[in-house]
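First up is the structure itself, then whatever we jot down about it.
The values are calculated or read from the model by the stated rules, or taken from the named source; none is laboratory data. As the structure is a prediction and not an experimental result, all values here were calculated from the model. So basically every Cβ, Gly included, is an ideal-geometry build from the backbone, and we count neighbours across all protein chains shown. Areas reflect the complete protein model, heavy atoms only, side chains present, ligands, DNA and RNA absent. Shrake-Rupley method; radii C 1.70, N 1.55, O 1.52, S 1.80 Å.
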Amino acid sequence: MTESLTLRDVRPYDGGEPVDVLVRDGVIAEIGPAGTVAPAGEVVEAGGRWIGPGFWDAHVHFTQHVIRRRRLDLTETRTADDVLDIVRRARAEGAPLSDGMLMGYGFRDGLWPVPASLAALEATVSDIPVVLVSGDLHCGWMNRAAAARLGVELDETGLLREGPWIGILHDFDEAAQLPADAYADAASAAAARGVVGIVEYEKTDNIAEWSARTAGGLTSLRTDIAVWPDLLEQVIAAGVRTGDVVDEAGLVTFGRLKVVVDGSLNTRTAWCWDPYPGMDPGHPHACGMESVPIPELRRLLERARGAGIEAAVHAIGDRANTEVLDTFQALDMKGVIEHAQLVRDDDFARFAALGLIASVQPEHAMDDRDVADHHWAGRTGRAFAFGSLHRSGATLRLGSDAPVAPLDPWISLSAATARSRGDRDAWHPEQRLPLDVALAASVRTSFAVGQPADLVIGDRDPYASDRDELRSMPVAATLLGGRFTHREL
């Protein structure tokens, strides 16, 4: 039986006249001037609201996004004392523990006037394990009880960074005891912001986990999933290739091999050509860290390519971006560079020349503008340089890196096009993106006959909305394959 839906009186983003839309079998079957399309199936009156393709978030860590909602919120802290005050109150008030540990998320220590110290955290809470996750996920601050339980050694800061820490964070995610509906709730919240799909970069067996989720009824998102190097051989042995649908619901598609080549700006581990301020140039990590040696990156990419698997490579510092561009070029291989936060002037044009996608997270520029001005002083004209990437011809994809930034495409659109929030002026306004470019980088379909009916209906015209109105855009409905995943109509 053919399933149909008629949307009446919607306005395309391009400023056209109101239209009616007929959806049949999950596809846009007809678009015509309002009142001219013969209705079929349920008829929904949209009242002149604006319609466009549904949004994709091109970089998500979904389990960590779900877990974040259950940890102490440290995102508004500005100093170590701010963090410690929250931890102290939480312990005094008997805040819920995660597997016997008090856990928080969201601190950013890149500009703290007094650095993190083990002694300060011990003086705040020492009777139970405390583990605090940084906002960029690249380091953790913990007390001795946590270190003893986790079997790690701490220095005087109490901070653990990069490789050793990432492994621990993955173990936390694996052990997390989440309610059965936690994932569905998070997916529904994303749909309520117009999201129809995500690119999942969680470090886990995404094929098994996402197949189980859709089988269990989580059907409000399409998901492109990645594999990390530790499970690459397992995926190859199973014969899975990029583009393969791996679940019975037809919503989960295998994407790419994810490789992390360097660290992050806030932890001063992004791999750069120049030393970080205050670092001894002779120190082995004065310019950041090479998380995966380039010869190993090349081996992994060659192995993946031979098995029909494309690659997405995390590169934040300008040295990391140069080395990753060189590697893709040497292999004559297409792929994605994730983040591309600091890029040499000579390297911008190489993204387009090599056919590489730059997957960027606009809200990071708003979160990190001050730490970038400090740690990348004199270089921020080419930091988070979305405008330069676009003008060079690069293909852009926008995302959040949730939980690092909110899983909300309207926030990404606002940050990309305004380069400001709150009462602050635009940061490097020359790097703003035009709204049409930002919208195109946030979707995978178009509003046209024959396209999947993955659609979002908003209460305002994006092109007539200012920065703050974009951030808070009311979403009236989201459709995935012609069925409502969010509805207020």
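Data table
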read-out: Cβ-Cβ under 7 Å pairs, at least 6 apart or on other chains, segment 271-293 side farther than 27 Å from Ala312 by Cα, far side of a type in the set (A, V, I, L, M, F, W, C); value: Pro277/Ala377; Met279/Ala286; Asp280/Ala286
read-out: Leading residue by the ranking (most open to solvent (accessible area, probe 1.4 Å)) among those in segment 86-100 that are under 18 Å from Glu122 (Cβ atoms) and in contact with a strand residue (DSSP E or B) (Cβ under 7 Å, 6 or more places away or on another chain); value: Arg91
read-out: Residues satisfying the stated conditions in segment 391-401, i.e. crowded, with 24+ Cβ neighbours inside 10 Å and outside any loop (DSSP other than H, G, I, E, B); value: Leu398
read-out: Pairs where the first residue, in segment 109-122, is in contact (Cβ under 8 Å) with a residue 24 or more places away in the chain and the second is among the hydroxyl-bearing types (Ser, Thr, Tyr) and open to solvent by 20 Å² or more (accessible area, probe 1.4 Å), C-beta under 7 Å, 6+ apart; value: Trp112/Thr79; Pro113/Thr79; Val114/Thr79; Pro115/Thr157; Ala116/Thr157; Ser117/Thr157; Leu118/Thr157
read-out: Scope segment 65-85; condition among the basic types (Lys, Arg) and touching a strand residue (DSSP E or B) at 6+ places or on another chain (Cβ under 6 Å); matching residues; value: Arg68, Arg71
read-out: Residue in segment 450-489 that is most open to solvent (accessible area, probe 1.4 Å), counting only those that are outside any strand (DSSP E or B) and among the aliphatic types (A, V, I, L, M); value: Ala464
read-out: Among (1) over 24 Å from Asp401 (Cβ atoms); (2) of a type in the set (A, V, I, L, M); (3) touching a Pro at 6+ places or on another chain (Cβ under 6 Å), the one test that Leu300 misses; value: (1)
read-out: Gly158 small (Gly, Ala, Ser), open to solvent by less than 50 Å² (accessible area, probe 1.4 Å) and touching a Phe, Trp or Tyr at 6+ places or on another chain (Cβ under 9 Å); value: yes
read-out: In segment 312-327, the residues that are surrounded by fewer than 24 Cβ atoms within 10 Å (Cβ to Cβ) and charged (D, E, K, R); value: Arg319, Glu323, Asp326
read-out: Only listed residue being more than 20 Å from Glu42 (Cβ to Cβ) and in contact (Cβ under 8 Å) with a residue 24 or more places away in the chain, chosen from Ala426, Ala453, Ala464, Ala416; value: Ala416
read-out: Count of segment 213-244 residues which are more than 22 Å from the chain's Cα centre (by Cα) and either assigned to a strand (DSSP E or B) or of a type in the set (A, V, I, L, M, F, W, C) (or both); value: 6
read-out: Condition met for Ile225 (at pLDDT 95 or above, open to solvent by less than 10 Å² (accessible area, probe 1.4 Å) and either touching a helix residue (DSSP H, G or I) at 6+ places or on another chain (Cβ under 8 Å) or of a type in the set (Gly, Ala, Ser) (or both)); value: yes
read-out: Condition broken by Leu111, with the remaining ones in (1) modelled with pLDDT of 95 or more; (2) touching a helix residue (DSSP H, G or I) at 6+ places or on another chain (Cβ under 8 Å); (3) surrounded by fewer than 22 Cβ atoms within 10 Å (Cβ to Cβ) satisfied; value: (1)
read-out: First in segment 245-266 and more than 28 Å from Arg299 (Cβ to Cβ), second anywhere and in a loop (DSSP other than H, G, I, E, B) and open to solvent by less than 30 Å² (accessible area, probe 1.4 Å), Cβ under 6 Å, 6 or more apart; value: Asn266/Gly110; Asn266/Asp136
read-out: For Glu200: the one exception among (1) open to solvent by 40 Å² or more (accessible area, probe 1.4 Å); (2) acidic (Asp, Glu); (3) farther than 30 Å from Leu118 by Cβ; value: (1)
read-out: Index of the failed condition, Ile207 passing every other in (1) among the β-branched types (Val, Ile, Thr); (2) under 22 Å from the mean Cα position of the chain (by Cα); (3) open to solvent by 30 Å² or more (accessible area, probe 1.4 Å); (4) within 22 Å of Val83 (Cα to Cα); value: (4)
read-out: Residue identified as buried (at least 20 other Cβ atoms within 10 Å of the Cβ) and within 30 Å of Ala226 (Cα to Cα) among Val83, Val60, Val10; value: Val60
read-out: Residue list for segment 236-255, restricted to those being open to solvent by less than 20 Å² (accessible area, probe 1.4 Å), touching a helix residue (DSSP H, G or I) at 6+ places or on another chain (Cβ under 6 Å) and not acidic (Asp, Glu); value: Leu251, Val252
read-out: Qualifying residues in segment 120-149 (those that are under 20 Å from Arg89 (Cβ atoms) and in a helix (DSSP H, G or I)) - the one farthest from the chain's Cα centre (by Cα); value: Ala123
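Per-residue answers, yes or no, for (1) over 27 Å from Val133 (Cα atoms); (2) touching a helix residue (DSSP H, G or I) at 6+ places or on another chain (Cβ under 7 Å):
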| residue | (1), (2) |
| --- | --- |
| Val371 | no, no |
| Gly378 | yes, no |
| Ser400 | no, yes |
| His428 | yes, yes |
